[in-house]
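Enquirer: This is the structure I want to talk about, given as structure tokens.
The values are calculated or read from the model by the stated rules, or taken from the named source; none is laboratory data. Remember, predicted model here, so these are calculated numbers, not experimental data. As a convention, Cβ positions derive from the backbone with ideal geometry for all residues, glycine included, and neighbour counts pool all protein chains shown. To get the accessible areas, we keep the full protein, side chains included, count just its heavy atoms, and leave off ligands, DNA and RNA. Shrake-Rupley method; radii C 1.70, N 1.55, O 1.52, S 1.80 Å.
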Amino acid sequence: MPPDLRRAGVFSFCKGGDYTATTYFRPRHIDKGRSILATIKGSLDYGKNPKKTRDGFLISAYECDLATADAEFLLAKRQYYYITGREQKRDNNILLYQIRQAFKPGEITAEEANRIGYELALRFTKGRHAFIVTTHEDKHHIHSHIYFNSTTLDCTKKFEDFRHSARAVRRLSDTICLENGLSIIENPKPSRGHYGTWLGDEKPPSFQEKLRRAIDAALEQNPSDFEAFLSLMEAAGYAVKRGKHIKFTGPGQKRGTRCDTLKGNYTEQAIRERIANARFVVSGGGSSFEQNAVQVNLLIDIQAKIQMGKGPGYERWAKLFNLKQAAQTLIFLQENGMTDYARLEKKSAESTTAFNALSQKIKQAETRMKDISDLQKHIANYSRTRDIYVQYRKAGYSKKFRAEHEGEILLHQSAKKAFNTLELKKLPSIQTLKQEYAALLAEKKKLYQGYRQARETMRNLLTAKENTDRLLRFSPTVPDQEKQR
């Protein structure tokens with residue numbers, strides 16, 4: 001392990017040096033022989049290296065400007081001292097925190113890694129600290145460096161590096177990766193008593209948890225039908241009791257576990273759906289979703305599945321599944337007055353258009369809200385640093401004065417540059433911007449209510465149309481007149 005990773009993080013390496021969503025967490029103190037600003041700038045400049053971030057394309061920021069993030073971090077610390085009167089000793093003063101998140105090679109794009117890193121930072125800091133996320137693609141594994149200011153945005157508190165903060169980063173990273181269908185380390189090698197020690201401190205998995213893992217492992221082998229799945233479970237050392245309810249008894253287990261007591265993605269019905277590819281589960285049994293999980297599910301292309309090696313048991317189950325879904329589709333169409341195919345087609349197109357229009361309005365509101373937030377920040381920075389900049393100008397742009405107040409001067413210049421770019425004839429008041437932001441936020445919340453309903457309506461209609469198309473296409477006995485209907 002590199003010597004500068006003394007205290008912090010969660011390290012999780014795969015065998016053979018491979019990476020799958022590993023993390024570490026590290027506090028940054030003042031470097032020996034360097035100033036606070038130089039230390040912050042050095043850390044951020046390493047992350048922002050244009051050769052590693054595709055000329056800065058793979059960098060995102062929250063509540064700070066990429067060009068002046070180091071100065072903004074420093075100014076927040078000075079504001080913290082003015083507000084609280086508390087000043088830490090040089091050796092104990094943590095300037096910022098760094099999180100590193102690496103991914104399995106070939107599993108994720110750099111753009112997606114940056115988005116996930118941004119989400120990790122936002123959720124971990126709860127939006128209370130400014131941060132930047134820089135994603136590097138110069139190695140065989142894509143990885144992101146996240147730097148967040150130790151001082152809060154309101155400059156009244158500092159991040160509390162609690163005892164298990166590194167563990168919290170690890171868990172949150174795993175959660176987000178599972179939500180996005182990415183690999184995580186299940187059995188990492190211990191590293192300096194951090195992540196490996198934490199796993200050792202946890203209670204051993206229960207019989208139910210072991211059973212869930214065994215079910216996942218069996219399903220990963222793509223059994224052709226439910227009977228083939230049960231055979232794989234028996235091969236894994238589980239005694240299988242068939243009957244009205246399937247029961248598994250694992251090694252060392254006195255009483256068996258009924259399959260349906262596992263609930264969720266591990267009931268008999270759920271397992272059958274997973275075998276039929278009608279339900280998908282993220283690796284590790286975490287977050288799950290059903291394909292087109294709406295009132296009406298898509299019909300299964302049985303012939304295609306049979307060609308993939310599915311057996312007679314699967315064919316029987318799939319025919320029953322399709323029969324039920326055909327009935328549900330018919331009920332849905334009747335309840336919504338769409339027994340006429342042309343009406344169904346028209347409503348499907350209209351629902352898609354309505355959903356896309358709502359999506360566009362929400363994006364426009366979010367874009368304007370971000371612009372307002374940035375402008376508020378620049379106005380506030382301009383006001384806070386105006387007196388310092390006047391003194392700097394009166395001092396004849398003295399290098400000594402600039403060195404003493406570099407953070408404030410950089411922020412002031414950045415604010416003036418932003419105003420020139422916007423070509424504002426007159427700066428709006430903070431109160432006016434706050435009112436516009438509040439109105440946009442209320443509009444966005446209102447739009448989201450309609451957005452969720454529009455999305456559900458669109459999914460139902462498109463699924464029903466797809467099922468109708470398939471039923472008509474594969475039903476040669478249906479008269480042409482009836483097909484027109």
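Enquirer: Structure shown: which of LYS244/LYS324; LYS158/LYS445; LYS126/LYS426 lie over 28 Å apart, alpha-carbon to alpha-carbon?
Expert: Check vs 28 Å cut-off fails for LYS158/LYS445; LYS126/LYS426.
Enquirer: Another question, if that's okay. Note the full-extension length gain between ARG393 and LYS324 as 0.36 nm times their separation in residues minus their Cα-Cα distance, in nm to one decimal.
Expert: Result for the pair: 17.0 nm of gain on full extension.
Enquirer: Please go through the stretch 388-453 and write out the chymotrypsin sites (Phe, Trp or Tyr not before Pro) that DSSP classes as loop and that have at most 16 other C-beta atoms within 10 Å.
Expert: Here the chymotrypsin sites (Phe, Trp or Tyr not before Pro) that fit, given the DSSP loop and packing criteria, are TYR397.
Enquirer: Under a point spin-label approximation (7 Å from Cα along Cα-to-Cβ), what is the THR156-GLU111 distance to one decimal in nm?
Expert: My value for the distance between the label points is 4.0 nm.
Enquirer: Can you find, among GLY85, HIS141, LEU37, the residue sitting farthest towards the positive end of the charge dipole of the stretch 33-161, where Lys and Arg contribute +1 and Asp and Glu -1 at Cβ?
Expert: It is GLY85.
Enquirer: Still on this structure, please answer the following. In terms of solvent-accessible area of protein heavy atoms at a 1.4 angstrom probe, what is the ranking of HIS164, HIS405, HIS378, highest value first?
Expert: Listed by decreasing accessible area, they come as HIS164, HIS405, HIS378.
Enquirer: Roll a 1.4 angstrom probe over the protein heavy atoms and tell me the percent of accessible area of the stretch 320-427 that is carbon or sulfur.
Expert: 52 percent
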